[in-house]
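Participant: Pasting a structure below so you can have a look.
The values are calculated or read from the model by the stated rules, or taken from the named source; none is laboratory data. All of these numbers come straight from a predicted model, not from anything done at the bench. Ideal geometry is used to build each Cβ from the backbone, glycine not excepted, and the neighbour counts take in all protein chains shown. The protein model used for the area step is the full one, side chains on, heavy atoms only, and it has no ligands, DNA or RNA in it. Shrake-Rupley method; radii C 1.70, N 1.55, O 1.52, S 1.80 Å.
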Amino acid sequence: MTAGHRVVVAGCGAMANEWITYALKHADGIEIVALVDIRRESAQAMAERHGLTCPVFTEVEQAIADTAANLVFDVTVPASHYSIASSALEAGCHVFAEKPLAETMEQCNSIVSIAERTGRSHAVMQNRRYDPRIRSLRELITSGVIGRTGSISANFFLAPHFGGFRDAMDSPLLLDMAIHTFDQARYISGANPVSVYCQEFNPPGSWYAGNAAAVCIFEMSDGSVFCYQGSWCAEGVPTSWEASWRVQGEKGAAIWDGQVLPYAEVISAGSEHSGQFLHEFERIEAPEVQMEETFHQGCLDEMFRSLAEGRPAETDCRDNRYSMAMVLGALESARTGRKLSIAEFIEGAKLAGSKA
């Protein structure tokens, strides 16, 4: 890892511990030079918890100016992501941020524009990509075992009783959690969204004020269709947090329950032309993928490698914008009750942003 990363950590809530732990683990190349939080006492408490002697601030701009920082960890609440990103990028810093990229499509587009104009990197934490099991599933698909992909389906059914702000959100499932599954679908397929139709609703028994369930249909750029069915108030028979997946190809299907390694079932040799009413199948186990670091740590490894190699990160803002377009496009489709073109949605947000 290249030395010389002078990091400002913006946001000192619980999630910041994960980011700070990573930085301290790689102290030979990363130096935390400031902690920022709107509550100074939170920043000070975080410094004491990790034995840091760096100064604390309430404004990221001041922290960057006073410490000659060149990288910002944005671990603030989603509502602050745009202001933190734009300020840090304009100040000449790279930004590594928690999801989501921003709260609106206009803000997502603006971050991409600022990053391109300033020549700085902005990458988003999509930790679900850095799971050996989903990488195994992707290899199973890209190797051609099941043939050309026709459809991908993901079922997500859990009932977490968070309390707090999620219980009061208008669209807690789509806004707070679906980004993970949508980004996984893009990663698995290697395709981007073309259109979306979504219906969200609040099932009986829900303790959420807003819609805690949704069904989404996405057309993807490779010609496949991605179907998402999810609920955050589904008591009984829960899926994993990684969802339950079926990828249907022309030769067979790949299955991942979100827990154990994936596998595929494909038409057996000789069965395809046998004239049988139903073909026979053979099971193919997915290859095991070895990763030195996983989830948050794995994603941060990739982000830092991208800086060292002078290339966009795998979860660079320009790429992640499409995952956010799936979330925000689904919300707009549900609001209007119509199928939505993702390209038109992104471009419309660009035009709206330029007139603001």
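Participant: Run down 76, 53 and say which single residue is hydroxyl-bearing (Ser, Thr, Tyr), farther than 14 Å from residue 12 by Cα, open to solvent by 10 Å² or more (accessible area, probe 1.4 Å) and assigned to a loop (DSSP other than H, G, I, E, B).
Facilitator: Values: 76 fails: farther than 14 Å from residue 12 by Cα.
It is 53.
Participant: Based on this model, can you work out whether residue 315 counts as surrounded by fewer than 21 Cβ atoms within 10 Å (Cβ to Cβ) and of a type in the set (Val, Ile, Thr)?
Facilitator: Details: surrounded by fewer than 21 Cβ atoms within 10 Å (Cβ to Cβ): no; of a type in the set (Val, Ile, Thr): yes.
For residue 315, the condition - surrounded by fewer than 21 Cβ atoms within 10 Å (Cβ to Cβ) and of a type in the set (Val, Ile, Thr) - is not met.
Participant: Another question about this same structure. I'd like the full set of residues that are at pLDDT 95 or above, open to solvent by 20 Å² or more (accessible area, probe 1.4 Å) and within 17 Å of residue 333 (Cα to Cα), limited to segment 171-191.
Facilitator: none
Participant: Now for a different question. Pairs only if they're at least six apart or on different chains, beta carbon under 8 angstrom, first in segment 201-217 and closer than 13 Å to residue 171 by Cα, second surrounded by fewer than 22 Cβ atoms within 10 Å (Cβ to Cβ) and basic (Lys, Arg); list them, first residue then second.
Facilitator: Pairs that qualify, where the first residue is closer than 13 Å to residue 171 by Cα and the partner is surrounded by fewer than 22 Cβ atoms within 10 Å (Cβ to Cβ) and basic (Lys, Arg), are 208/166.
Participant: Identify the residue in segment 237-249 that is touching a residue at least 40 places away in the same chain (Cβ under 8 Å) and open to solvent by less than 70 Å² (accessible area, probe 1.4 Å) and, among all such residues, is farthest from the chain's Cα centre (by Cα). Talk me through it step by step, then tell me what you get.
Facilitator: Let us first name the residues in segment 237-249 that are touching a residue at least 40 places away in the same chain (Cβ under 8 Å), namely 237-239, 241-249.
Next, only the ones that are open to solvent by less than 70 Å² (accessible area, probe 1.4 Å) stay: 239, 242-245, 247-249.
On the way: 239: 19, 242: 12, 243: 14, 244: 17, 245: 17, 247: 20, 248: 23, 249: 25 Å.
So the residue we want is 249.
Participant: Would you pick out the residues in segment 258-269 that are at pLDDT 90 or above, part of a loop (DSSP other than H, G, I, E, B) and open to solvent by 60 Å² or more (accessible area, probe 1.4 Å)?
Facilitator: Our first condition is that a residue be at pLDDT 90 or above; within segment 258-269, this holds for 258-268.
Still in the running and part of a loop (DSSP other than H, G, I, E, B): 258-262, 268.
If the condition is that a residue be at pLDDT 90 or above, part of a loop (DSSP other than H, G, I, E, B) and open to solvent by 60 Å² or more (accessible area, probe 1.4 Å), then 259, 260, 261 are the ones that fit.
Participant: What do you reckon, is residue 287 modelled with pLDDT under 95 and either under 24 Å from the mean Cα position of the chain (by Cα) or open to solvent by less than 70 Å² (accessible area, probe 1.4 Å) (or both)?
Facilitator: Details: modelled with pLDDT under 95: yes; either under 24 Å from the mean Cα position of the chain (by Cα) or open to solvent by less than 70 Å² (accessible area, probe 1.4 Å) (or both): yes.
Yes.
Participant: Could you go through segment 157-168 and let me know if any residue there is of a type outside the set (Gly, Ala, Ser), closer than 18 Å to residue 313 by Cβ and open to solvent by 10 Å² or more (accessible area, probe 1.4 Å).
Facilitator: At the first step, the residues of segment 157-168 found to be of a type outside the set (Gly, Ala, Ser) are 157-158, 160-162, 165-167.
Imposing the further condition that a residue be closer than 18 Å to residue 313 by Cβ reduces the set to none.
For segment 157-168, residues of a type outside the set (Gly, Ala, Ser), closer than 18 Å to residue 313 by Cβ and open to solvent by 10 Å² or more (accessible area, probe 1.4 Å): absent.
Participant: Pick from segment 30-46 the residues that are within 14 Å of residue 73 (Cβ to Cβ) and not β-branched (Val, Ile, Thr): which of them is surrounded by the most Cβ atoms within 10 Å (Cβ to Cβ)? Even if it seems obvious, please write down each step before you answer.
Facilitator: Of segment 30-46, the ones within 14 Å of residue 73 (Cβ to Cβ) are 30-37, 43, 46.
Then keep just the ones that are not β-branched (Val, Ile, Thr); that gives 31, 34-35, 37, 43, 46.
Values: 31: 18, 34: 24, 35: 28, 37: 23, 43: 26, 46: 23.
Looking at residues that are within 14 Å of residue 73 (Cβ to Cβ) and not β-branched (Val, Ile, Thr), I get 35.
Participant: Could you count how many residues in segment 324-356 are crowded, with 18+ Cβ neighbours inside 10 Å, of a type in the set (A, V, I, L, M, F, W, C), assigned to a helix (DSSP H, G or I) and modelled with pLDDT of 95 or more?
Facilitator: Within segment 324-356, residues that are crowded, with 18+ Cβ neighbours inside 10 Å, of a type in the set (A, V, I, L, M, F, W, C), assigned to a helix (DSSP H, G or I) and modelled with pLDDT of 95 or more number 11.
Participant: Another question, if that's okay. How many residues does segment 270-293 contain that are in a loop (DSSP other than H, G, I, E, B) and either out of contact with any Asp or Glu (no Cβ under 6 Å at 6 or more places or on another chain) or of a type in the set (Lys, Arg) (or both)? First the steps, then the outcome.
Facilitator: Looking only at segment 270-293, we keep the residues that are in a loop (DSSP other than H, G, I, E, B), and these are 270-280, 286-293.
Next cut, either out of contact with any Asp or Glu (no Cβ under 6 Å at 6 or more places or on another chain) or of a type in the set (Lys, Arg) (or both) only: 270, 272-280, 286, 288-292.
So the count comes out to 16.
Participant: Given the criteria open to solvent by less than 50 Å² (accessible area, probe 1.4 Å) and in a loop (DSSP other than H, G, I, E, B), does residue 13 qualify?
Facilitator: yes
Participant: A follow-up question, please. Within segment 140-154, can one find any residue that is assigned to a helix (DSSP H, G or I) and either crowded, with 21+ Cβ neighbours inside 10 Å or touching a residue at least 60 places away in the same chain (Cβ under 8 Å) (or both)?
Facilitator: Step one: list which residues in segment 140-154 are assigned to a helix (DSSP H, G or I), which gives 140-142.
From what's left, either crowded, with 21+ Cβ neighbours inside 10 Å or touching a residue at least 60 places away in the same chain (Cβ under 8 Å) (or both): 140-141.
Yes.
Participant: Moving on to the next point. For residue 280, are the conditions met, namely being touching a residue at least 60 places away in the same chain (Cβ under 8 Å), more than 15 Å from the chain's Cα centre (by Cα) and over 29 Å from residue 218 (Cα atoms)? It would help to see each step written out before you state the result.
Facilitator: On the way: touching a residue at least 60 places away in the same chain (Cβ under 8 Å): no; more than 15 Å from the chain's Cα centre (by Cα): yes; over 29 Å from residue 218 (Cα atoms): yes.
So residue 280 does not fit the description; no.
Participant: Right, another one. Look through 223, 230 and report the one residue that is out of contact with any His (no Cβ under 8 Å at 6 or more places or on another chain) and surrounded by fewer than 19 Cβ atoms within 10 Å (Cβ to Cβ).
Facilitator: Numbers: 230 fails: surrounded by fewer than 19 Cβ atoms within 10 Å (Cβ to Cβ).
None of the other options fit; the residue is 223.
Participant: Looking only at residues that are open to solvent by 10 Å² or more (accessible area, probe 1.4 Å) and touching a Lys or Arg at 6+ places or on another chain (Cβ under 6 Å) in segment 79-123, which one is nearest to residue 165 (Cα to Cα)?
Facilitator: The residue in question is 109.
Participant: Restricting attention to segment 28-43, does a residue exist that is in a loop (DSSP other than H, G, I, E, B) and touching a residue at least 40 places away in the same chain (Cβ under 8 Å)? If you could, list the steps in order and put the result at the bottom.
Facilitator: Initially, segment 28-43 is screened for residues in a loop (DSSP other than H, G, I, E, B), giving 28-29, 37-39.
Among the residues that remain, those that are also touching a residue at least 40 places away in the same chain (Cβ under 8 Å) are: 29.
The answer is yes; a qualifying residue exists.
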